[in-house]
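Accompanying notes for the structure given below.
The values are calculated or read from the model by the stated rules, or taken from the named source; none is laboratory data. None of the values given here were measured: they were computed from a predicted structure. Cβ: placed from backbone, ideal geometry, glycine included. Neighbour counts: every protein chain shown.
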Amino acid sequence: MSYFVDKKNYNRKDDDFLQKEHEYALGWADDTSKYAFKAPKGLNADLIKQISKLKKEPKWMLDIRLKAFKQFLKMPMPNWGADLAKINFDEIIYYLKPTKKASRDWQDVPDKIKQTFDKLGIPKAERSILAGVKSQYDSEVIYGSLQKYLIKQGVVFLGMDEGLRQYPELVHKYFGSVISMQDNKFAALNTAVWSGGSFIYVPKGVKVDKPLQAYFRINAASAGQFERTLIIMEPDSHLHYIEGCSAPIYTEGSLHSAVVEIVVAENSHCQYSTIQNWYTNVFNLVTKRAVVAKNAAMYWIDGNIGSKTTMKYPSCVLKGENAHGEVLSVAFAGAKQELDTGAKMIHLANNTSSRITSKSVSKDGGLATYRGLVYVAPKADNCKSKVVCDALILDPQSRSDTYPSNKIMNRNVSLEHEATVSKIGEQQLFYLMSRGLTEEEASTLIVSGFLGDIVKELPLEYAVEFNRLVSLEMEGSVG
Amino acid sequence: MQYQKLSLSASNSQKEITLLLDKKDQAKGLFISFIGHKKERFQLNTIIQHLVAETQARVIVKGVLYDQSSAIVEGIIKIDSKAQQTDSFLEQKILLIGEKSWATAEPKLEIKANQVKASHAATVGRLDLSQVFYLQSRGLSYNQAVEMLVAGFLNPKLS
């Protein structure tokens, strides 16, 4: 995570610095006693009513929240995938409000929070190539801006709470339309206590030429983060949205359970990129899904490096003819980490195509799992799907699993699936070492190359950050 | 490598097969095929389990589904942490010919050792229509052409 911390003075040879990096670069936790509102631990209907009241929400939203809370209590924990037994729902703080109102001007942001943002380098990032920045500091949007020319074109980029206030009809129409509260226990939980996230609306024919960015961050110990993102794209539009995550050090486990819904209308093109680097005590359980209409395309770029446990399977429901879906998923599981990631492609219409590329590295006893689904409906003719999963295991303690499921209900189909698990090639290592690299440098180079696909899809700043993250993870991996 | 061959039939359509590799330098190959007609349903699970180091396994599953027949094909490669230097491969290929035929293919991997080569491949699809056309242009009827391509699909050269 060095990129945001000390970009200028970064020096690989500086041992002290690396030592500190190893401890975790974003390792600070705030004293939460200064927050404007901090909910007690645990969840009940009264707290939900209180959250809704504080946010001055319309009644229909409160009704949805309460209904979802009932659903959450009713639904069982998933009995597959990662071990979630350690989550104690009564120990989590479901809502935190750091300052009283969202401020647009950087000058108005309180010093304490500004310092944290400075460490993360957000204003810097904004000044350079990013079109708009929304940061979620704990549960509320504190600082956000959007360049004027986007506003002129009618693009809306707001915090989800603001989006609900300003565009209640749109939110009412699309909220929960892609991922219903019955979908899974964590989607229900999110629907009940959601706070923050992004609301994006791209009008017909508008091409957003620069990526929009949001930066999410958990700060207070034991805080839950339940952001809710809704992206609505009208026909012929174009969008690239980037979400970055990082969390500081804690003593107790935290829960991050987001829901991301995307509606991609005809002829539109949407790319959603994430680099996730939660601290290694965070449970990251996220539901992400897009509905893709005729001739439209959806790309999920998903990088997972941090967290204790991740369960995340970005999905595309290919509903219109010629729709295309793609997922590029990269996971790096280090010590005590379990990254259960993958993708789902649901082909419902003729001539739809999809591609899933998954790359994982496991190291120091980490477990990386690919779990995916390709479904071709009986009435969907001439569909094509290709799934490629590659895994590297770096030491004997680590583990890699692959659980793909291909359900093909139509004969006019082309489905290909392949997966390989292997180690770093001895010949490659030998060649690089004969050129003067140490074993560690050579391994790092090979791993970076193995994960290289994701780097090509990211804007420069993120690509650099991702490469730094990989080299930091690889420190001390040999001998 | 020697391949053991097995073909499933309608009366023997549910099968779970375990390939256990528990002796050093062991190499096992298995070729399973089935042809489904009418409403036949095949259910197959192959388990390849590597318990010791330096073992090798190949499992190939090929199915052809006519009419409304269907297949649920599962398979897993499990490599124990002690089973270093293993080489394992699982292939599942299903040809859908019947208009209402369907299949699921689930090739899985559970790998706990790092000095290994483990991979799987699955394909589900129909006959290549350009190949059918080529054979028809040489004077074969449609049915003959399909039959010939199916025969070729089911009888690969194993080495």
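Going through the range A:347-378 one residue at a time, which ones are within 23 Å of A:A296 (Cβ to Cβ) and not in a strand (DSSP E or B)?
A:L348, A:A349, A:N350, A:N351, A:T352, A:A377, A:P378
Go through the range A:137-188 and tell me which helices (runs of 4 or more DSSP H), entirely inside it, have 2 or more residues that are modelled with pLDDT of 90 or more.
On the way: elements: A:148-152, A:160-166, A:168-174.
By residue number, A:160-166, A:168-174.
On the basis of being free of Cβ contacts under 8 Å to residues at least 12 places away in the same chain and out of contact with any helix residue (DSSP H, G or I) (no Cβ under 9 Å at 6 or more places or on another chain), does B:S70 make the cut?
Answer is no for this residue.
A quick yes/no check of all residues on (1) surrounded by 13 or more Cβ atoms within 10 Å (Cβ to Cβ); (2) at pLDDT below 65:
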position: A:K49; (1), (2): yes, no
position: A:K59; (1), (2): no, no
position: A:R65; (1), (2): yes, no
position: A:L96; (1), (2): yes, no
position: A:K101; (1), (2): no, yes
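Out of curiosity, is A:A331 closer than 21 Å to A:F466 by Cβ, touching a Leu at 6+ places or on another chain (Cβ under 6 Å) and surrounded by 23 or more Cβ atoms within 10 Å (Cβ to Cβ)?
Yes: the conditions hold for A:A331.
Looking at the structure I just gave you, is B:A122 in contact with a strand residue (DSSP E or B) (Cβ under 8 Å, 6 or more places away or on another chain) and at negative phi?
Yes, satisfied.
Condition check: under 17 Å from A:S405 (Cα atoms) and facing chain A (nearest Cβ under 8 Å). Does B:L109 satisfy that?
yes
In the set B:S11, B:S33, which member is at pLDDT below 90 and either surrounded by fewer than 23 Cβ atoms within 10 Å (Cβ to Cβ) or in contact with a helix residue (DSSP H, G or I) (Cβ under 6 Å, 6 or more places away or on another chain) (or both)?
Checking each option against the conditions leaves just B:S11.
Between B:V132, B:V150, which is without any contact (Cβ under 8 Å) to a residue 24 or more places away in the chain, more than 10 Å from every other protein chain (Cβ to nearest Cβ) and outside any loop (DSSP other than H, G, I, E, B)?
B:V132
State the number of residues belonging to the range A:374-394 that are free of Cβ contacts under 8 Å to residues at least 60 places away in the same chain and within 22 Å of B:A118 (Cβ to Cβ).
Of the residues in that region, 8 qualify.
Which one of these does B:V52 not meet: (1) within 14 Å of chain A (Cβ to nearest Cβ); (2) not in a helix (DSSP H, G or I)?
Result: B:V52 fails condition (1) only.
Report yes if B:K38 is at the interface with chain A (Cβ under 10 Å from one of its Cβ atoms), basic (K, R) and outside any strand (DSSP E or B), otherwise no. Even if it seems obvious, please write down each step before you answer.
Values: at the interface with chain A (Cβ under 10 Å from one of its Cβ atoms): no; basic (K, R): yes; outside any strand (DSSP E or B): yes.
When the stated conditions are applied, B:K38 does not pass them.
Given the condition touching a strand residue (DSSP E or B) at 6+ places or on another chain (Cβ under 8 Å) and among the small types (G, A, S), answer yes or no: does some residue in the range B:41-53 qualify?
No, every residue in the range B:41-53 fails to be touching a strand residue (DSSP E or B) at 6+ places or on another chain (Cβ under 8 Å) and among the small types (G, A, S).
Note down all Cβ pairs under 8 Å where the first residue falls in the range A:398-422 and is more than 7 Å from chain B (Cβ to nearest Cβ), the second is basic (K, R) and surrounded by fewer than 22 Cβ atoms within 10 Å (Cβ to Cβ), and they're at least six residues apart or on different chains.
A:N410/A:K379
Out of the residues in the range B:76-101 that are surrounded by 23 or more Cβ atoms within 10 Å (Cβ to Cβ) and within 7 Å of chain A (Cβ to nearest Cβ), which is nearest to the chain's Cα centre (by Cα)?
Residue satisfying both the conditions and the ranking: B:L96.
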